[in-house]
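Structure first, then comments.
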Amino acid sequence: MTQNASRREFLRIASTVGAVAGSATPWALNLAGIGAAAAQSAPSDYKALVCIFLFGGNDHSNTIVPFDAASYAAYEMGRRQAGVAGTSLALPQASLLQLNATTPSANPSMSGRSIAMRAEMTGLKALYDQGRAAVLTNVGPLVVPTTMAQYRGRQVPLPMGLFSHNDQQSTWMAGAREGARVGYGGLLGDMFGSSNQFQNFTCMSASGTSVFLSGRSTAQMQIGNNGGVQINALTNQTLFGGQNVGTAMRTLMTSDRGNTLEKDYNTINRRAADAAAALNSALTNFPATAAPFNAFPNTGLGNQLRNVARIIAARGPLGARRQVFFASIGGFDQHSGLVAGHGNLWAQISNAMSAFYAAMSDPSLNLASNVTAFTASDFGRTLDSNGQGSDHSWGAHHLIMGGAVRGGETYGVWPETALRGPNDVGRGSLLPTTSVEQYAGTLAKWFGVPESSMADVVPRAANWSTMDLGFMNAA
């Protein structure tokens, strides 16, 4: 944003504060509703995006697995530690769930090939077969389109901090290495926050603070298993066993102050308290024990997606038309324990995601085509074995799920899953053929971002010939 644009935005926000402060709605909620999206026409429908982040770097080769005879043989050979017996990471072919067994793929890179999911992914396999889930192959951070020759010769700029957990988590979420302050989801919130009655309920995290949901003007809200996260000192009227202590703490933390720092701090406290109270009030009509929320697995991710589903159900009372959510599951940094531990993680993901789709499809909500969930992770992992697991790499395969997804198909360029293949930068680490920006841009277009404004959400959009990878149906 240029200096003049920043000045205009500041003046616009400053003038809005004066107009909002006199409204009958709680001032703290309105203060959070002055997003920078005034120029974006308000949509009349409802849409939500749900990012499911796999912390640690998912081993994509044991998630979406080559299945035809030649490809499986190269995969199985590549998953070994050279010269060491008993170190193969390959999944038995007979255990795999084959995809597209009867319908030829329209993806040219899939000609003559077939792929499968690991055995624990029965729920996602069923959604794929129903056309409600799709696979995006070999996607990862890039600055510009990059060939192997350009990578080897360092002829083009490369993402900073490749193979670093913190840097690549940030790059996936925000397009920049660790220290980035604004993420793709937050920029969507900036653009569409004004279409919601309150900005507080635009970007919501079920998994702590995330740069993915940080906007220039959008404040993300954290949610817990019981809805809005409350500040104990503001809700416990008998704090430390005394009525006066609780009351005094609330006054201390929320009253207006003359000092600028104290004033802003207390404004944030009031906003958090008001937002949590409003959210929890709305959720009383959508209890976790009622259908369609009572069929989620009792796991970390299952409970996160249950609460996202409840908040989506409460979109009417919350005045929300556009929402972006963040959920996560950890444990994927499997330098060891990959064979024993990876399947359990994907069982949790598959069960939680399929329960979420079922909830969105329930006749009481009928929102399957309005809500899209997608996976992301730090990076993929090496094809070869280090003896007990796999190590940090680059490109990876990911999943998109929802009623608006053109499912039952594979998108992007399927890489040869073999050591020293054409996309191998070392040890079977894939040079991406699809960028994270294109992944984000395709989702943003479905969300309602016009082509003319795509660079406001995906700053490097101009570096790519297309920002629509084709896996979403038109709005």
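In this simple spin-label model, placing a label point 7 Å from the Cα along the Cα-to-Cβ direction at both Val425 and Ala291 gives a separation of 5.0 nm. Each of Gly389, Gly337, Met360 was placed along the dipole of the stretch 312-424 (beta-carbon charges, centred on the mean Cα), and the one lying farthest toward the positive end is Met360. Ignoring aspartates and glutamates fewer than eight residues from Lys445 along the same chain, the ones with Cα atoms less than 17 angstrom from its Cα are Asp45, Asp190, Glu437, Asp456, Asp468.
Only alpha carbons enter this Debye calculation for the stretch 328-475, each as an equal point scatterer, and the log10 of I(q)/I(0) it gives at q = 0.13 Å⁻¹ is -0.73. When each of the peptides 196-206, 111-121, 68-78 is scored by the mean number of other C-beta atoms lying within 10 Å of its residues, the order from highest to lowest reads 196-206, 111-121, 68-78. With each label modelled as a point 7 angstrom along the Cα→C-beta vector, the Arg181-Asn463 pair spans 2.2 nm.
Once the piece of chain linking Ser281 and Ala455 is laid out straight, how much longer is it, given 0.36 nm per residue of separation minus the C-alpha distance between them?
Numbers: separation 174, 0.36 × 174 = 62.64 nm, distance 3.72 nm.
Full extension from Ser281 to Ala455 adds 58.9 nm.
When you restrict to C-alpha pairs under 8 Å that are six or more residues apart and normalise by the size of the stretch 255-347, the relative contact order lands at 21 percent. With a cut-off of 18 Å, note down the residues of the stretch 421-449 whose backbone N falls inside the zone around a label point 7 Å from the Cα of Arg406 toward its beta carbon. The answer is 434-435, 438-449.
How much length would be gained if the chain were fully extended between Gln93 and Asp68, taking 0.36 nm per residue of separation minus their Cα-Cα distance, in nm to one decimal?
Values: separation 25, 0.36 × 25 = 9.00 nm, distance 0.95 nm.
Contour length minus the Cα-Cα distance gives 8.0 nm.
A simple count of charges around Ser350, restricted to other residues whose Cβ falls under 12 Å of its Cβ and scoring Lys, Arg +1 and Asp, Glu -1, yields +1. Taking 7 Å steps out from each Cα toward its Cβ at Leu252 and Ala340 produces label points 4.9 nm apart. Working from Cα pairs under 8 Å separated by at least six residues, relative contact order for the stretch 77-210 is 11 percent. Computed from the Cβ-Cβ distance with R0 of 35 Å, the FRET efficiency linking Glu262 to Gln197 stands at 0.75.
Taking only the alpha-carbon atoms of the stretch 59-160, what semi-axes of the equivalent ellipsoid follow from 5 times the gyration tensor eigenvalues under a square root, in whole Å, largest first? Write out the running numbers ahead of the final one.
Working: eigenvalues 145, 89, 35 Å².
Over the Cα atoms of the stretch 59-160, the semi-axes work out to 27, 21, 13 Å.
In the stretch 113-227, one over the average inverse separation of all distinct C-alpha pairs is 17.1 Å, which is the Kirkwood hydrodynamic radius.
What's the FRET efficiency of Thr147 with Tyr46 using the Cβ-Cβ distance as r and R₀ = 30 Å, to the nearest 0.05?
0.10
As a calculated quantity, the FRET efficiency between Arg154 and Ala126 at R0 = 45 Å, using C-beta atoms, amounts to about 0.50.
Give me the base-10 log of I(q)/I(0) for the stretch 288-406 at each q in 0.09, 0.14, 0.15, 0.19 Å⁻¹, Debye formula, one uniform scatterer per Cα, rounded to two decimals. Summing over Cα pairs of the stretch 288-406 leads to -0.30, -0.66, -0.74, -1.03. Shown here are the Rg and Dmax of the Cα trace of the stretch 74-118, at 13.5, 39 Å. Compactness ratio for the stretch 418-475: Cα radius of gyration over 2.2 N^0.38 Å (N = residue count) comes to 1.39. Mind checking which aspartates and glutamates have their C-alpha under 15 Å from Lys125, skipping anything on the same chain fewer than 8 residues away? Candidates past the 8-residue exclusion: Glu409.
None of the figures in this text is laboratory data; all of them are computed from the coordinates on show. The structure displayed is predicted, hence computed values, not measured ones. For neighbour counting, all protein chains shown are included, and Cβ atoms are generated from backbone atoms with ideal geometry for every residue, glycine included.
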